[in-house]
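Colleague: Take this structure, written in structure tokens, and hold onto it; I'll ask about it next.
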Amino acid sequence: MNKLERSAVSVPKAAENNQSPLLGFLQDCHRRYADNMDGALADYIPELSKADPAHFGISLVTIDGHAYEVGDTQVPFTIQSISKAFVFALALDLVGPENVESKIGVEPSGEAFNAIRLNAQNRPFNAMVNAGAIACSGIIHAARGDDAFDTIRQAMSRFAGRDLDVDDAVFQSERATGDRNRAIGYLLRSSSVIGTDVTAVLDVYFRQCSILVNAHDIAVMAATLGNRGINPVTGEQVVAPYSVARALSVMTSSGMYDYAGEWIYRVGLPAKSGVGGGIVATFPSQFGLGTFSPLLDSHGNSTRGIKVCETLSEHFNLHMLNRTSNAHSCLLADYDLAKSSSHRSRRPDEMDILIEHHDKVRILELFGALAFAEVDYVTRQLTRNPNPLFMVVDFRRTAGITGAATKLLIDSFGTLAVKGVTVIVTGIDRKTAALADFREAIKNSPSIRNFPLLDEAIEWSEDQIIYRFGGNVDFKETLHLDEQALLKSLTESELDALAALGAVKTFESGERVITANEPASSLYFLLRGMVSVKLPTGVRLATLTSGMVFGEMALIEERRTADIVADTKIICHVIPLAAFHAFCNKNPKVSEKIMRNLSMLLAARLIKANKKVDLLSAN
Ligand code: GLN
């Protein structure tokens with residue numbers, strides 16, 4: 001029994017030699033086991049006994065397609081039984097699970113890979129032992145005839161991301177000496193698991209076992225299994241997720257022959273080995289591992305490969321059944337208008353409405369990868385009383401949403417709609433493939449509104465609240481400067497004198513009134529209509545309506561810091577800065593009042609920004 005050597009491998013300090021800690025770990029692993037000469041070369045296929053026992057390669061390919069390579073990862077060897085997992089997935093994909101599952105069982109056999117035995121129903125125990133694998137080759141032969149092998153070779157090539165060839169010498173050697181497999185083949189024919197042409201089926205099987213791969217190839221193949229059938233390097237969907245999950249299931253229970261139970265107990269990762277010296281192991285959703293070392297133990301598994309897998313799993317705690325996740329961490333923030341409103345600046349009468357009805361708009365900002373548990377938690381938050389009128393759910397920081405999570409969310413949104421809550425989603429229109437199914441589900445749910453930006457959704461909800469509770473949203477005219485917050489507490493005559501310095505001007509909808517980086521020359525008091533403060537990238541910083549001033553930063557900064565674009569036709573009272581300054585110099589009391597008002601306006605903006613930061617870091 002292979003007992004785990006705890007903490008046997010020390011990780012070199014990655015920071016010191018400026019390399020990946022994972023690569024350092026794998027290198028250390030390689031160094032540690034390279035001298036281990038336990039085991040023997042497979043010699044029942046004469047050609048395999050010519051392998052170099054010193055060869056040893058480790059390749060790990062991550063779910064994002066990055067490869068870590070140590071040792072002989074480019075040395076070719078025959079894939080042998082590792083092919084069984086991939087051909088099983090291919091068969092499920094090609095002829096459908098019913099056909100495959102009627103011919104091949106999914107129970108562990110507890111016997112050696114080449115046992116000449118079937119189960120009580122005269123079916124192979126599973127597709128990872130020779131009997132099941134030959135049955136699988138038979139299924140593909142029945143479906144594709146003479147093209148069967150090429151179908152397999154092409155599928156394996158897509159799993160590996162490159163065109164794979166056959167080692168003809170190994171193929172001939174195995175065909176010449178494969179009487180055990182021939183015995184299995186005839187047993188399968190007598191039980192009607194395969195058709196009459198046993199020789200042709202066995203040829204397909206022997207050839208598929210003789211496909212040449214290296215450790216890097218099988219790591220990519222393993223990573224493809226870990227990525228629901230999408231090759232993480234090429235991006236190609238090789239087989240359907242169903243087929244992958246079923247292949248991984250049988251790898252889990254039977255991938256390591258009569259060592260399978262011990263393996264899953266200790267290492268806890270689905271894996272498959274071959275007598276050519278390869279082992280693939282997959283950590284679903286994380287990585288694929290490929291090891292190559294031709295010295296085998298009595299079960300036919302690579303001795304060094306087993307050690308690498310055990311050490312890696314132990315050191316990083318990778319047993320797939322030893323996992324947890326914090327469902328609550330997906331809720332970044334949960335707030336209403338009292339805590340954070342849109343970038344739209346509102347007049348005092350509008351503000352009053354929003355303050356009174358602040359809890360009618362609730363905003364949930366979600367984060368990370370949303371799976372079953374995370375979204376179940378979110379749905380419980382969504383339905384918590386009291387219910388708002390508008391529920392804004394922001395997905396801008398989510399990495400993806402699983403199918404189960406999508407079902408739960410869409411159901412929950414439906415329940416809210418029935419209760420009269422308008423659901424608005426934001427941030428789902430990014431090009432993330434992991435959101436594609438969710439986007440589709442939203443498209444098919446007409447009651448759910450979708451805004452690209454969170455700020456737009458909040459602003460829209462605020463507008464609805466203002467309409468509904470008696471406000472008139474825009475276009476109110478404030479033709480006199482005494483309604484301007486910047487000019488608060490100026491006397492009638494001071495206001496008149498100030499007004500006389502400038503003139504009333506009109507700008508059309510869409511017109512750019514101020515351009516970023518240009519020198520500032522005027523102050524604009526908005527009398528009618530709406531403008532947006534925008535960065536040159538188009539991101540909106542604020543929207544202002546009548547009664548508000550813009551261009552006022554010119555009192556502090558000489559150049560414009562952002563664009564101002566008219567959202568509607570606007571009327572402004574425009575006062576040239578030079579005249580304004582001259583007036584202030586002559587009237588220090590006016591100057592003092594305006595500066596105090598300006599400080600108040602800036603302080604209010606700062607308080608709002610701080611609140612938002614606080615909100616996001618509190619959760
Ligand atoms: N081609 C080999 C055989 O059938 C495959 C065995 C294996 O890799 N375990 O004997």
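Only the coordinates and a few stated rules stand behind these numbers; no lab work does. The structure displayed is predicted, hence computed values, not measured ones. Here the Cβ is made from the backbone with ideal geometry for all residues, glycine too, and neighbour counts use every protein chain on show.
Colleague: LEU26: net charge of surrounding residues, Cβ under 12 Å, Lys/Arg +1, Asp/Glu -1, itself excluded?
Modeller: 0
Colleague: Dipole magnitude of the stretch 332-468 about its Cα centre, charges +1 at Lys/Arg Cβ and -1 at Asp/Glu Cβ only, in debye to the nearest 20?
Modeller: With Lys and Arg at +1 and Asp and Glu at -1, about 300 debye.
Colleague: Using θ = phi - 60° and the Karplus curve 6.51 cos²θ - 1.76 cosθ + 1.60, what whole-Hz ³J(HN,Hα) does each residue of the stretch 565-572 get, with Gly and Pro shown as x?
Modeller: Couplings: 10, 6, 7, 9, 5, 10, 10, 10 Hz.
Colleague: Below 15 angstrom from the Cβ of SER49, what's the summed charge of the other residues (Lys, Arg +1; Asp, Glu -1)?
Modeller: Net of charged neighbours comes to -4.
Colleague: For the stretch 525-571, which GluC sites (Glu not before Pro) are both in a DSSP coil and crowded by at most 15 other Cβ atoms within 10 Å?
Modeller: Of the GluC sites (Glu not before Pro), the ones in loops of the stretch 525-571 whose Cβ has at most 15 other Cβ atoms within 10 Å are GLU557, GLU558.
Colleague: Still on this structure, I have one more. Distance from the Cα centre of the stretch 300-318 to that of the stretch 150-223, in angstrom?
Modeller: Using only Cα atoms to place each centre, the spacing works out to 26 Å.
Colleague: Label points 7 Å out from Cα along the Cβ direction at MET351 and GLU440: separation in nm?
Modeller: Calculated label separation equals 4.8 nm.
Colleague: How large is ³J(HN,Hα) for each residue in the stretch 343-352, as worked out from phi by the Karplus curve 6.51 cos²θ - 1.76 cosθ + 1.60 (θ = phi - 60°), to whole Hz, x for Gly and Pro?
Modeller: Working through the residues one at a time gives 6, 6, 7, 10, 6, x, 5, 6, 4, 4 Hz.
Colleague: Using the basic label-point model (7 angstrom from Cα toward the beta carbon), what is the LYS419 to ARG117 distance in nanometres?
Modeller: A separation of 5.9 nm, rounded to one decimal place.
Colleague: Of ALA497, PHE583, THR398, which is farthest along the charge dipole of the chain in the positive direction, counting Lys and Arg as +1 and Asp and Glu as -1 at C-beta?
Modeller: Farthest along the dipole direction, towards plus: ALA497.
Colleague: To continue, here is another question. With a Förster radius of 22 Å, plug the Cβ-Cβ distance of ILE607 and LEU541 into 1/(1 + (r/R0)^6) and report the FRET value to the nearest 0.05.
Modeller: 0.85
Colleague: With +1 on each Lys and Arg Cβ and -1 on each Asp and Glu Cβ, how big is the dipole of the stretch 3-316 about its Cα centre, in debye rounded to the nearest 20?
Modeller: Computed about the Cα centre, the dipole is about 540 debye.
Colleague: Shifting gears a bit: Using a Förster distance of 25 angstrom, determine the FRET efficiency expected from the C-beta separation of GLN172 and ASP38, and round it to 0.05.
Modeller: Approximately 0.25, to the nearest 0.05.
Colleague: Okay, next question. Per-residue HN-Hα couplings for the stretch 358-364, Karplus 6.51 cos²θ - 1.76 cosθ + 1.60 at θ = phi - 60°, whole Hz, x for Gly and Pro?
Modeller: So the J values, rounded to whole Hz, are 4, 7, 7, 10, 10, 10, 10.
Colleague: Something else about it: What angle, in degrees between 0 and 90 and rounded to the nearest 10, separates the Cα long axis of helix 168-177 from the longest principal axis of the Cα atoms of the chain?
Modeller: 40 degrees
Colleague: A further question follows. I'd like to know which of MET156, ASN322, LEU409 lies farthest towards the positive end of the charge dipole of the chain, counting +1 on Cβ of Lys and Arg and -1 on Cβ of Asp and Glu.
Modeller: Farthest towards the positive pole: LEU409.
Colleague: Quick one: if you stick a label point 7 Å off each Cα along the C-beta vector at ASN326 and GLN74, how many nm between them?
Modeller: 4.4 nm
Colleague: Once the piece of chain linking ALA240 and THR506 is laid out straight, how much longer is it, given 0.36 nm per residue of separation minus the C-alpha distance between them?
Modeller: 89.6 nm
Colleague: With charges only on Cβ, +1 for K and R and -1 for D and E, what is the dipole size of the chain about its Cα centre, in debye, rounded to 20?
Modeller: Dipole of the chain, to the nearest 20 debye: 940 debye.
Colleague: Continuing with this model, one more query. Which of the trypsin sites (Lys or Arg not before Pro) found in the stretch 289-339 are loop residues per DSSP with 14 or fewer other Cβ atoms within 10 Å of their Cβ?
Modeller: Here the trypsin sites (Lys or Arg not before Pro) that fit, given the DSSP loop and packing criteria, are ARG323.
Colleague: By per-residue mean of other Cβ atoms within 10 Å, what is the highest-first order of 281-287, 538-544?
Modeller: 281-287, 538-544
Colleague: Could you sort 291-303, 267-279, 495-507, 231-243 so that the peptide with the highest average Cβ count within 10 Å comes first and the rest follow in order?
Modeller: Most protected by this proxy first, the peptides run 267-279, 291-303, 231-243, 495-507.
Colleague: Looking at this model, which pairs from LYS505/LYS534; LYS407/LYS611; LYS339/LYS589; LYS50/LYS103; LYS50/LYS272; LYS431/LYS534 are more than 26 angstrom apart at the alpha-carbon?
Modeller: Exceeds cut-off: LYS407/LYS611; LYS339/LYS589; LYS50/LYS103.
Colleague: ASN585 to ARG397: FRET efficiency via 1/(1 + (r/R0)^6), r the Cβ-Cβ distance, R0 41 Å, to the nearest 0.05?
Modeller: E(calc), rounded to 0.05, equals 0.25.
Colleague: Given only helices, namely DSSP H runs of n ≥ 4 each adding -39500 (n - 2.57), what is the per-residue ellipticity at 222 nm of the chain, to the nearest 500 deg cm²/dmol?
Modeller: Computed mean residue ellipticity for the chain: -13000 deg cm²/dmol.
Colleague: Further question: Once amide H atoms are placed 1.01 Å from N in the peptide plane, what residues at a sequence separation of 5 or more from THR568, or on another chain, have their amide H within under 5 Å of its amide H?
Modeller: GLY510, MET530
Colleague: How about LYS419: which aspartates and glutamates have a C-alpha closer than 18 Å to its C-alpha, ignoring those fewer than 8 places off in the same chain?
Modeller: Straight-distance partners of LYS419: ASP359, ASP411.
Colleague: Which of the three applies to the chain, rounded, prolate or oblate, going by the alpha-carbon gyration tensor with a ≥ b ≥ c and a/c under 1.5 meaning rounded?
Modeller: prolate
Colleague: Then there is this: Answer with one residue from CYS209, ALA142, ALA436: the one whose Cα lies farthest towards the positive end of the charge dipole of the chain, charges on Cβ with Lys, Arg +1 and Asp, Glu -1.
Modeller: So the residue furthest toward the plus end is ALA436.
Colleague: Pull out a ≥ b ≥ c, the square roots of the eigenvalues of the alpha-carbon gyration tensor of the stretch 481-616, then state rounded if a/c is under 1.5, prolate if not and a/b is larger than b/c, and oblate in the remaining case.
Modeller: Because a/c hits 1.5 or more and a/b fails to exceed b/c, the stretch 481-616 counts as oblate.
Colleague: List the lysines whose Cα sits under 24 Å from the Cα of LYS586, skipping any in the same chain fewer than 8 residues away.
Modeller: Qualifying lysines at Cα under 24 Å: LYS488.
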